[in-house]
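Novice: Dropping the structure in here first, questions after.
The values are calculated or read from the model by the stated rules, or taken from the named source; none is laboratory data. Bear in mind that the values here come from a model prediction, so they are computed numbers and not experimental data. Neighbour counts are summed over all protein chains in view; Cβ atoms, including those assigned to glycine, are modelled from backbone coordinates with ideal geometry.
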Amino acid sequence: MSVLSAPYFHDADAARVELERTLWPAGPVCPRCAGKERITAVKGGRAGLYRCGPCKRQFTVTVGTVFEASHVPLNLWLQAVFLMCSSKKGISSHQLMRVLDVQYRTAWFMSHRIREAMRSGDLAPFGSGGGIVEVDETFIGTDRSIKPHGDKKVRGVGHKHKVLSLVDRTTGRKQSMVVDSLKATDVAAILKANIAAEAHIMTDEAPYYRGIGAHFASHEFTRHTAGEYVSRSNPTIHTNTIEGAFSIFKRGMKGIYQHCSKKHLHRYVAEFDFRYSNRAKLGMDDEQRTVTALKGIVGKRLTYRSAYPA
Ligand SMILES: [Zn+2]
């Protein structure tokens, strides 16, 4: 049977029940006081409306989530989440607009809310327990805020957005940051904030990684300029894992999303990190990835104004 024939993709009430089952496996939880006791269905109220006895607040499963105050039926939300979770290189807002039969603005706003749900909260530092963390950077799009100085042209990748990424080889997770600078001191500060001191770091020979070994258990690097992609003396020394992840990210950003301003780039980056960290190779299928994204809708209410400033 097609996964798309599930009732919760076609009926708003079935979608609400499915979302309740996903977010409240042990029954309704009050979004204000987090209480689970003395919660009752509101008599004469619509299905899915509950009342918390202690704080007397009425709520539904979407209160305090990125779906709150949306006029889009919940079954369409579940379709959109499934499509974004099952499309390896992403799905454009135009495609979403056509599939869901909604306005472009609605599709655009939905996909940004879903990216917000995909954004991971506080993760344990990468490389906890002494694992290997690959670190690399990639350059994408055009940063229009960078102006040439005088008549000196911005050369090479100087005018592009900079994304710094980490992959934990033990957990398979990826985390990326849009950064303004790749100065050695800035890179070191970011790595120290996100990677455990006991981790072993693998990079290429880029100058901004020099000296980071002082903060971690070890730092090894390959010499790409000398044609070395895997260390000849020690084949565990390479950044091939993270380079594979970058190739999916770049194909998606180029082929699917095409244009992206710096203002929104961090959200696209979170979307690709999410799918990579929950990829099939780590044992996740499309449905499990969708459930994981749905669990991420809680506590991240995004207003129209913050997502779509005039
Ligand atoms: Zn309450």
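Novice: Spot the failing condition for VAL187; the list is (1) modelled with pLDDT under 95; (2) within 22 Å of the chain's Cα centre (by Cα); (3) more than 17 Å from GLY252 (Cα to Cα), and only one is missed.
Specialist: Here VAL187 clears every test but (1).
Novice: With respect to TRP108, is the statement that it is more than 15 Å from the ligand (Cβ to nearest atom) and surrounded by 13 or more Cβ atoms within 10 Å (Cβ to Cβ) true?
Specialist: yes
Conditions (1) farther than 18 Å from SER93 by Cα; (2) in contact with a helix residue (DSSP H, G or I) (Cβ under 9 Å, 6 or more places away or on another chain); (3) at pLDDT below 95, marked per residue:
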| site | (1), (2), (3) |
| --- | --- |
| HIS215 | yes, yes, no |
| THR225 | yes, no, yes |
| GLU228 | yes, no, yes |
| ILE237 | yes, no, yes |
| LYS254 | no, no, yes |
| HIS264 | no, yes, yes |
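Novice: Same structure again: So which residues in region 19-35 are charged (D, E, K, R) and near the ligand (Cβ under 9 Å from one of its atoms)?
Specialist: ARG32 - this is the single residue of region 19-35 that is charged (D, E, K, R) and near the ligand (Cβ under 9 Å from one of its atoms).
Novice: Sort out which residues of region 41-69 are without any contact (Cβ under 8 Å) to a residue 24 or more places away in the chain and buried (at least 16 other Cβ atoms within 10 Å of the Cβ), and write them in order of number.
Specialist: Correct list: TYR50, ARG51, CYS52.
Novice: Considering only region 37-87, state which residues are within 14 Å of the ligand (Cβ to nearest atom) and either of a type in the set (Gly, Ala, Ser) or under 21 Å from the mean Cα position of the chain (by Cα) (or both).
Specialist: Within region 37-87, GLY53, GLY64 meet the criteria.
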